[in-house]
Amino acid sequence: AVVSTQSTGDLAVELTKRDALTLSPIIEKARRKKINEDERILKWAREILFFLEYSDALEAALEGGSYEELNNTLIKIKDLGFEKKCARLVFRAKLKTERIEKFQTLLRAMLEMNHMQMQDLIDYNDPDECSSENPAPTSLVKVLEAVARLLGGEEECWMELQAMVTRMGEGSLKRRAMSCEVEMIPYETISEVAVLLREVDEISVQQECPLALPIYRWCHCIVEERFAMTEEEHLVNQDKLAAALPSPPAAPEHPKKRRRRKIPAHLHPV
């Protein structure tokens, strides 16, 4: 027996829609029947459904999934040979995993700073006091102001910045950094921190206060990640808008002019 005309007709329609939710039950219905010449269509449908399921999973992981979900889905898509079919999503996913890995590496470096290093970090006098000896380097002040703003604090003067670094318990700098959610930081704050960090660079931090390097790099990574997320949101919105817009009308087909065949001279009537 052949798959019924109704089921193969529905299958052909759903193949053009490429909708996993409606395609799946029709494939299941056709699979229960005996297959003859429609086996090629059914096999094709299964492949499309498989691809749609994994591309949808990758898109969901990109929008709000964990690093493990994103990385595991990428590995599965590569194993199945779907990388070229969803190249745009794969490219975005690879960029995001690289950013997450960099962020985690820099966060670990900052968390590995021990209590003695934290104390040495702020073992300077107030730079705003003209008579003070051993004033805090400008690069260190800028870095600590940047991390304070990223973590939602309002510390500005040197004494407040010192207290932020030496605070223990739940409100410690490390605990606050661990619970920092990049996507929740207001864009205005990120812009302000970017301006602060432009006033220093890695070389000046290295020369003036090497202990501040892990914090500087973490702050810099946070700013880059937030800007990248904003750009990614813009690209996603563009894709959604393009998908929602109606397709342009097809150009009207003009009937082809029939070419008049030439009659050889020797066949012309006299």
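The values are calculated or read from the model by the stated rules, or taken from the named source; none is laboratory data. Owing to the predicted nature of the structure, the values given are computational and were not obtained by experimental measurement. Cβ placement follows ideal geometry from the backbone for every residue including glycine, while neighbour counts extend to all protein chains displayed. Quick note on the areas: whole protein, heavy atoms, side chains included, nothing else; ligands and nucleic acids left out. Shrake-Rupley method; radii C 1.70, N 1.55, O 1.52, S 1.80 Å.
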Within region 138-154, count every residue that is over 14 Å from Thr189 (Cα atoms) and of a type in the set (Asp, Glu).
0
Within region 151-163, does at least one residue satisfy the condition of being within 25 Å of the chain's Cα centre (by Cα), open to solvent by less than 20 Å² (accessible area, probe 1.4 Å) and under 30 Å from Gly64 (Cβ atoms)?
no
Give the residue that is surrounded by the fewest Cβ atoms within 10 Å (Cβ to Cβ), with candidates limited to residues of region 44-88 that are at pLDDT below 85 and polar (S, T, N, Q).
Ser66
Inspect all residues belonging to region 90-103 and state whether any of them is modelled with pLDDT of 85 or more and over 28 Å from Ala177 (Cα atoms).
yes
For region 152-270, which fully contained helices (runs of 4 or more DSSP H) count at least 3 residues that are at pLDDT below 85 and among the charged types (D, E, K, R)?
213-244
Of these, Val205, Val200, Val193, which one is within 19 Å of Pro127 (Cα to Cα), open to solvent by less than 10 Å² (accessible area, probe 1.4 Å), hydrophobic (A, V, I, L, M, F, W, C) and over 20 Å from the mean Cα position of the chain (by Cα)?
Val205
Candidate set: region 167-189, residues that are within 25 Å of the chain's Cα centre (by Cα) and in contact (Cβ under 8 Å) with a residue 40 or more places away in the chain; chosen: the one farthest from Thr138 (Cα to Cα)
Glu183
In region 214-230, which residue that is surrounded by fewer than 18 Cβ atoms within 10 Å (Cβ to Cβ) and not charged (D, E, K, R) is farthest from Lys102 (Cα to Cα)?
Thr230
Taking only region 89-137 into account, find how many residues are open to solvent by 30 Å² or more (accessible area, probe 1.4 Å) and part of a loop (DSSP other than H, G, I, E, B).
12
